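The values are calculated or read from the model by the stated rules, or taken from the named source; none is laboratory data. None of these values were measured; they are calculated from a predicted model. Positions of Cβ are generated from backbone atoms using ideal geometry, with glycine treated the same way; all protein chains shown enter the neighbour counts.
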Amino acid sequence: MSSFVPIRKLIAFGAIGFLGMNCSLIALGQVEPLQFSARAHIGLSTSQIHGDQISGFNKFGASLGASVDIRRQPNQGVQWGILYTQKGSRRVPDTQNGDFNSWRYRFTYIDLPITKIWNPSPEWWVGAGIQPSILIAGEEDFYGNGYSELTYLELNPIDWGGIVQAGYQWSESAAFEVRLAQSLLPISDRPEQPVARWDDFMMNMSVQWLITWSFR
């Protein structure tokens with residue numbers, strides 16, 4: 001599995017995102033001038049992986065990046081972003097019953113969400129869209145000795161997902177938002193002979209808890 005992503009892929013996805021935003025903005029009409037707002041995001045992610053026999057959002061990771069909000073009307077617009085996000089899963093040991101077995105996956109992605117945003121009120125917003133995510137690294141810590149590169153499992157270089165989000169603007173420049181992202185396609189092939197910790201098509205699911213600052 002390659003953990004290196006050529007910069008041309010990032011440029012290509014950036015161009016796709018830009019074209020997608022323009023198409024949505026054309027649909028909003030040509031009455032008002034475009035309003036741009038740059039945003040910085042920082043927070044954490046909680047995640048799990050379907051297909052690894054473990055449930056629960058027990059894997060914590062970092063999430064940070066930036067986005068651009070573009071709109072013609074104050075109550076709706078389009079956002080395109082780029083965020084560094086750590087996803088994965090973690091098995092929690094049940095020590096009270098003598099189970100000390102624990103392991104964890106860490107999959108690092110560059111998320112490129114493209115979302116349509118609606119503001120039901122000036123302070124609140126909701127959104128939905130698509131989120132291609134480019135794989136940077138796939139790692140596993142099975143023996144408690146720290147993360148090492150995942151070699152027996154081949155992950156797809158791109159995770160094609162969907163995303164929904166909601167946020168609250170508590171001041172002129174600061175806001176809190178939550179994003180739920182789910183793979184729409186498997187991130188790996190199902191093994192011909194299922195093994196422990198991998199018995200089905202694997203799919204990411206993550207929740208990002210972000211503090212956002214706006215710059216106009």
> Would it be correct to say that S133 is crowded, with 18+ Cβ neighbours inside 10 Å, part of a strand (DSSP E or B) and modelled with pLDDT under 95?
Replying inline: no
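Taking strands (runs of 3 or more DSSP E) that fall entirely within the range 61-124, which contain at least 2 residues that are at pLDDT below 90 and of a type outside the set (A, V, I, L, M, F, W, C)?
On the way: elements: 76-90, 104-111, 114-118.
Answer list for the range 61-124: 76-90, 104-111.
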>> I want to confirm something. Restricting to the range 165-188 and keeping residues that are loosely packed, with under 15 Cβ neighbours inside 10 Å, farther than 16 Å from S45 by Cα and of a type outside the set (S, T, Y), which single residue is nearest to the chain's Cα centre (by Cα)?
In response: L184
>> Tally up the residues in the range 136-164 that are surrounded by 13 or more Cβ atoms within 10 Å (Cβ to Cβ) and of a type in the set (G, A, S), please.
In response: 4
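Condition check: under 20 Å from K87 (Cβ atoms) and of a type outside the set (D, E). Does Y147 satisfy that?
The answer is yes for Y147.
Tell me yes or no: at least one residue of the range 143-154 is over 24 Å from Q73 (Cα atoms) and at pLDDT 95 or above.
The first filter runs over the range 143-154 and keeps only residues over 24 Å from Q73 (Cα atoms), leaving 143-154.
Within this subset, residues satisfying the condition of being at pLDDT 95 or above are none.
No: zero hits.
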